[in-house]
Structures are given as structure tokens and as C-alpha cells.
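Chemist: Dropping the structure in here first, questions after.
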Amino acid sequence: MKKFVLLIISVFVFISCGKELETVTVKSDTSELLNAPADSVYTEIDPAQDDFVHIRFGEIAAIESLDPLFASSNSEWRVMNLIYEGLTGLNSSGNISPALAKRWEVNTDSTQFTFHLRTDVYFHDSPAFENGSGRRFVASDVRYAFERMADNDVPDFTANHFGDIRGFVAYHSEQTLVKNPDKRAFNTIEGLKIRNDSTVVFFLNKPSSDFLERLAHPMASIYAKESVPAGNGLIQKAAGTGRFAFIKKEGNAHLLTQNKEYRGFTPKINRLDIVSGLEEKDLYQELARKNLDALIEVGSSTLMSVTDSTGTLLGSFTDTFQLNQTSTYSDYSFFYNQNSGQSASINELISNADLENLLPLSAMGTVTTNMVGAADGAEPDSSRQLVITQTVHPFEVFFLDKLASLATSMDFSFSMNTSFALYDDISLTTRPYPDTEKFLSWKSPVYILSSPAISGISITHEPWNISLVSVKKTGGSE
């Protein structure tokens, strides 16, 4: 009877929110997710054993690859934070801690960083390797990851995070602008030196107080070069060194398993399924049907459906779900294209719009704005037509829908382009391309909606810094 009531509640909630949230049946056979691929190099754990723990998470944004250099959402970075490691990491207090580097030295003006690497770390067993067995991590893996970061195929906003490494910009510019490899003068990054298999040195152009922190971000993850497809395609079959190893992608789920060789504590999770690529309403219904154990970073429409204005779970859901507001915030930023010549329009929009009431709930966070300047030589535009580059992220789409309503009320037209690319006819974008200027930022609290049977999911200090070391599942056997 309880299951029947739960289904009725979930249908009511989403129908009541409007036409675009109608109930849709999700076709998903989760029992098949336990089947190992034919080429698996893992010894399968019998799901019938008493201590087998299988947990399923839902992520709000699609996980399009397992490539740290092409990730563009916290959903993707959280998965990578579980699979990979960088030279440094964040501990439970939010402080920089050793990861693949066991220790380091910094010179007096913070322009030289010498890292002494662990020599007992191996990449996960993976079909990416010829014999299926993960090899030892060495210093050349660090050089490969950073040289690939500066490759001409990598998004500029990823490469820009490490532009202060000596020679990085020159290497990246040549890779980008000189298409004939035979005519390139640089074959490596000047400020990245390999002394031996366990020592890496970075030389910076200027002092940096946050270099160690930037190295802890998942975009600086170290991965096996064997996992990169021929032609430098995006990584789909990951080979990392983190607490979880990638097994396969099955439908909308990335299947991970515990890395038993991890040097530190590992959570008692035998199988972890991370489901993404579903619409927000479908993720919610999968949780309501108990096909998911938790939704990580609850979407705006779901939050409006299950909480009051303060973000407190409604009484009708307290027996069904538990809601946790983490200590972290996601920053969804919007950028003005200086070459569009529409600075006057943007400034009019943010000066006169009622931005405080743009978000339906105070629990959704805060919006801040900045006036923008006109680019040199840009012609003023009087068309009052605002166009933004394509985005599919649910949070950005939700916010842009509200922003478009405001713009329309001020006699602006507002539309989304079909392309992700930025050119002069485009006014706005959600990515920090060259010649763009941030004009609006939405800091949204990260909420986790879960079954009462799950506890211990931790996201601290950064929205991508997810930890499962304390996770427990009541009646966790399958």
C-alpha cells in the first residue's frame, strides 16, 4: 500500500508544476546493470552474498565522457573525483593534502614547485591496457596530462587554468595556431620538468598562492594515456588511480566498483551506479520508485516540488525522503560577448530587472550582477535582440527561462542559438570564452535528496568534492 501512495504522490507533484513536467515512464532495467561486460578484467562479486552493497546515484547533468579536460559540469567532475586523483587533493577540512604527490617543496617566491610522487600507485585494471592489468603511475603520466591539456583540441577555458606555467601559453598557442606539426617549434612545455620517474618540477611565470589548490581540481586529474582513444578522442573507458574503478557504461549509467588496491580507506560499496542524461522529472521518479538511492545536486524544479520557500522538506515527504543542504554552492555564471556591441542593452537589463525575485525560492541561492563595458571598436547595437549560445545544463536552462521572461517584459527578444560556438552575433554565453565578461552569477546551494536508507554522502568545500568514505546503506545487501 505504501508503494502505491508514493507513486500517486510523485505523479501529483510533477503534474501540478505545469505541462512541461508531465509524468513520463522511464524504461530502465536496473537488474541488468549488475551484469559484467564480456571483456571485463574484474572478478565479479556475487550480488547474492550477504555483504554486497550496491548504491545508485542520479546526477542532474549528463556525464558525456570521463575526460577531465572536457568536463563542463559538477556532475562530471564529481564522477572524476571518484575515479581519478591529481597531484594534490582536499582533505575533510578543505585543506590541501597529498594525493599522487606524497610531498612537495615550494621555493621562497612560490614560482617553483617540486613534487615527489608515490611509487606504489597503479592505474586501475582496464581493457585500456593491452593485458588488462593497470601499470604503475610514473612522472611521465603527469607530463602527458598537462601537454594534452595544452593541445589544440582542448577547450581554451580548460587550458587557461594553468597558463601561468612557464611556456604553457606558448605551447598551447602553437598547438592551436600552427596546424602543421612539422612547423611547430615547441615539443614540450618549458616549465614542466621530469627529473626521474618520481619527481616532477613546475616553474611558473609569476608567484602563485593557489597553484596547489588548482592542482586539486578534477580538471588536473592524472589518467593513463592508454585510455585516450586514437586521434586524441574523449576518454570513455577511464583508467585512473582513485577509490573507484570504472567498469562500463550501461545505458544511462556509469558503473564503478571499489578499488581494493587503494592505499587509503575505501568505502564499503561493491557496486556504484551513477545515472545521468535523464530529464529532471525522470530522475525524481526513479528515486521515488526506489530505482535510485539519491539525487546529487537536486534540480530547481524538484526543489520547488518537495520543499517550502526556505528549502525545508515538506511534511508529506518526510517519511519518503531526506534532504541535505551541503555546505557548498554551485556557481552558474553568464558572460557577455564584448564583440557583440550590446553592452548598453546588457547594462539596461541588469539595472532595471527585478533580479531579487528572479528565483522562486530563497532556498535557491543568490544572484549577483556586474555592469559591463564596451569593447574597443565595437559598434553599438540597437536591435534589442539578445541571443545566448546553446546550453543543455538543467540549472542554466531553468535560470535562462526566468531571465528570458524578464527580458521580454522589458521589450527585449531573447533566444538560444543552436550552436555552442561564440561569434559576433551572439550576445551571451555560459562559458568564459576569450573576449567575454561575466555579468551575472547565480550561486545555488547543493542539495542531496535521498532515501532514508542512505547516510554519509559528503560534499564539502567544493561542489565537486564528493566523498563516500562514510556512506552506509541500511539493509545494504542486494
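Chemist: Mind checking whether some residue in region 27-49 is within 30 Å of Met304 (Cα to Cα), open to solvent by less than 40 Å² (accessible area, probe 1.4 Å), in a helix (DSSP H, G or I) and at pLDDT 95 or above?
Modeler: There is no residue in region 27-49 that is within 30 Å of Met304 (Cα to Cα), open to solvent by less than 40 Å² (accessible area, probe 1.4 Å), in a helix (DSSP H, G or I) and at pLDDT 95 or above.
Chemist: Any idea which of (1) over 27 Å from Pro218 (Cβ atoms); (2) open to solvent by 20 Å² or more (accessible area, probe 1.4 Å) is the one Leu403 doesn't satisfy?
Modeler: (2)
Chemist: Sticking with this one: State which residue is modelled with the highest pLDDT when the search covers only region 80-96 and only residues that are part of a loop (DSSP other than H, G, I, E, B) and open to solvent by 20 Å² or more (accessible area, probe 1.4 Å). First the steps, then the outcome.
Modeler: Taking region 80-96 and keeping what is part of a loop (DSSP other than H, G, I, E, B), we get 84, 86-87, 91-95.
With the extra rule that they be open to solvent by 20 Å² or more (accessible area, probe 1.4 Å), the set shrinks to 91-95.
Numbers: Asn91: 87, Ser92: 80, Ser93: 84, Gly94: 86, Asn95: 91.
Looking at residues that are part of a loop (DSSP other than H, G, I, E, B) and open to solvent by 20 Å² or more (accessible area, probe 1.4 Å), I get Asn95.
Chemist: May I ask you to verify whether Tyr144 is in contact with a Lys or Arg (Cβ under 6 Å, 6 or more places away or on another chain) and either under 26 Å from Ile247 (Cβ atoms) or hydroxyl-bearing (Ser, Thr, Tyr) (or both)?
Modeler: So Tyr144 passes the test.
Chemist: Among what's in region 318-349 and is aliphatic (A, V, I, L, M) and either in a strand (DSSP E or B) or open to solvent by 20 Å² or more (accessible area, probe 1.4 Å) (or both), pick the residue that is nearest to Met304 (Cα to Cα).
Modeler: Going through the qualifying residues, I end up with Leu323.
Chemist: Determine which single condition Lys206 fails, assuming it passes every other condition in (1) modelled with pLDDT under 90; (2) surrounded by fewer than 18 Cβ atoms within 10 Å (Cβ to Cβ).
Modeler: The single condition Lys206 does not satisfy is (1).
Chemist: Do you know which residues across region 210-265 are part of a loop (DSSP other than H, G, I, E, B), open to solvent by less than 30 Å² (accessible area, probe 1.4 Å) and within 17 Å of Ile55 (Cβ to Cβ)? Before the answer, list the steps.
Modeler: Taking region 210-265 and keeping what is part of a loop (DSSP other than H, G, I, E, B), we get 210, 216-217, 221, 223-224, 228-243, 251-252, 259-265.
Pick out the ones that are also open to solvent by less than 30 Å² (accessible area, probe 1.4 Å) and you get 216, 221, 223-224, 228, 233, 235, 238-242, 259.
Selection gives Gly242, Asn259.
Chemist: Condition first: closer than 17 Å to Ala230 by Cβ and at pLDDT below 95. Now tell me which residues in region 130-146 satisfy that.
Modeler: Correct list: Glu130 only.
One line per residue, one yes/no per condition, for (1) closer than 18 Å to Ala71 by Cβ; (2) touching a Pro at 6+ places or on another chain (Cβ under 9 Å); (3) of a type in the set (Gly, Ala, Ser):
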position: Ala170; (1), (2), (3): no, no, yes
position: Asp197; (1), (2), (3): no, no, no
position: Phe203; (1), (2), (3): no, no, no
position: Arg214; (1), (2), (3): yes, no, no
position: Tyr223; (1), (2), (3): yes, yes, no
position: Phe244; (1), (2), (3): yes, yes, no
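Chemist: Does region 154-175 hold any residues that are free of Cβ contacts under 8 Å to residues at least 12 places away in the same chain and open to solvent by less than 70 Å² (accessible area, probe 1.4 Å), and which are they?
Modeler: Correct list: Gly163, Ser173.
Chemist: Considering only region 52-65, how many residues are open to solvent by less than 10 Å² (accessible area, probe 1.4 Å), assigned to a loop (DSSP other than H, G, I, E, B) and more than 23 Å from Val397 (Cα to Cα)?
Modeler: Adding up the residues that qualify gives 1.
Chemist: Separate question: Give the residue, chosen from Val367, Val372, Val446, that is part of a strand (DSSP E or B), open to solvent by less than 30 Å² (accessible area, probe 1.4 Å) and among the hydrophobic types (A, V, I, L, M, F, W, C).
Modeler: On the way: Val367 fails: open to solvent by less than 30 Å² (accessible area, probe 1.4 Å); Val372 fails: part of a strand (DSSP E or B).
Being part of a strand (DSSP E or B), open to solvent by less than 30 Å² (accessible area, probe 1.4 Å) and among the hydrophobic types (A, V, I, L, M, F, W, C) holds for just one of Val367, Val372, Val446, which is Val446.
Chemist: Hey, can you tell me all the residues within region 406-422 that are exposed (fewer than 13 other Cβ atoms within 10 Å of the Cβ) and closer than 19 Å to Asn352 by Cβ?
Modeler: Thr408, Ser409, Asp411, Ser413
Chemist: Within region 423-443, how many residues turn out to be open to solvent by 60 Å² or more (accessible area, probe 1.4 Å) and hydroxyl-bearing (Ser, Thr, Tyr)?
Modeler: 1
Chemist: Also, I was wondering about something else. Mind checking which pairs have a first residue in region 51-67 that is under 19 Å from Leu278 (Cβ atoms) and free of Cβ contacts under 8 Å to residues at least 24 places away in the same chain and a second that is assigned to a loop (DSSP other than H, G, I, E, B) and open to solvent by less than 10 Å² (accessible area, probe 1.4 Å), Cβ under 6 Å, 6 or more apart or different chains?
Modeler: No pair meets every condition.
Chemist: Can Trp77 be described as of a type in the set (Phe, Trp, Tyr), modelled with pLDDT of 95 or more and touching a helix residue (DSSP H, G or I) at 6+ places or on another chain (Cβ under 6 Å)?
Modeler: yes
Chemist: Can you say whether Glu379 is modelled with pLDDT under 90, acidic (Asp, Glu) and over 28 Å from Gln325 (Cα atoms), as far as the supplied structure shows?
Modeler: Against the criterion (modelled with pLDDT under 90, acidic (Asp, Glu) and over 28 Å from Gln325 (Cα atoms)), Glu379 qualifies.
Chemist: Count, please, the residues in region 231-280 that happen to be among the basic types (Lys, Arg), touching a residue at least 60 places away in the same chain (Cβ under 8 Å) and over 30 Å from Ser301 (Cβ atoms).
Modeler: 5
Chemist: Does region 176-183 include one or more residues that are within 27 Å of the chain's Cα centre (by Cα) and open to solvent by less than 20 Å² (accessible area, probe 1.4 Å)?
Modeler: Pass one, region 176-183, residues within 27 Å of the chain's Cα centre (by Cα): 176.
With the extra rule that they be open to solvent by less than 20 Å² (accessible area, probe 1.4 Å), the set shrinks to none.
No, region 176-183 contains no residue that is within 27 Å of the chain's Cα centre (by Cα) and open to solvent by less than 20 Å² (accessible area, probe 1.4 Å).
Chemist: Let me ask you something else. Just to be sure I understand the filter: pairs with C-beta atoms under 9 Å, separated by 6 or more residues or on different chains, first member in region 335-362 and farther than 21 Å from Tyr423 by Cα and among the β-branched types (Val, Ile, Thr), second member surrounded by fewer than 18 Cβ atoms within 10 Å (Cβ to Cβ) and at pLDDT 90 or above. Which pairs pass?
Modeler: Partner pairs satisfying both residue conditions: Ile350/Thr369; Ile350/Asn370; Ile350/Met371.
The values are calculated or read from the model by the stated rules, or taken from the named source; none is laboratory data. Keep in mind it's a predicted model, so treat the numbers as computed, not measured. Using ideal geometry, Cβ is built from the backbone for each residue, glycine included, and neighbour counts are taken over all protein chains shown. When the accessible area is computed, the model is the full protein with side chains, heavy atoms only, and any ligands, DNA or RNA have been set aside. Shrake-Rupley method; radii C 1.70, N 1.55, O 1.52, S 1.80 Å.
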